[in-house]
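Below: one structure, written as structure tokens.
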């Protein structure tokens, strides 16, 4: 992941959002993935994500430099989930097919 704007210890929100949630990078990425699953990737906006978290959209920039940085974190999570489930068989072509690479 890229270098963060604010160090991790400084990113912790001191008070809960309107919905009583304490923001974290993990929560933001998980919520973004949920929104993508429900509405599609084109519907993911900082405004919609902030509303889902019960936070001002600008609060997300405390955790991510910009929307590209947020999307990279989402992609990292998806790649990580795929690789955690992947078990190589030793047949490299079949393995590449399993990963959707050929």
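Return the total of residues in region 55-72 being surrounded by 15 or more Cβ atoms within 10 Å (Cβ to Cβ) and either touching a strand residue (DSSP E or B) at 6+ places or on another chain (Cβ under 6 Å) or closer than 20 Å to residue 17 by Cα (or both).
Total satisfying the criteria: 8.
Is it fair to say residue 75 is modelled with pLDDT of 90 or more, in a helix (DSSP H, G or I) and on the phi < 0 side of the Ramachandran plot?
yes
Would you pick out the residues in region 1-44 that are at pLDDT 80 or above, surrounded by 11 or more Cβ atoms within 10 Å (Cβ to Cβ) and in a loop (DSSP other than H, G, I, E, B)?
21, 22, 23, 24, 44
The values are calculated or read from the model by the stated rules, or taken from the named source; none is laboratory data. Everything numeric here is computed off the predicted structure, so don't read it as measured data. Virtual Cβ from ideal backbone geometry, glycine too; neighbours counted across all protein chains shown.
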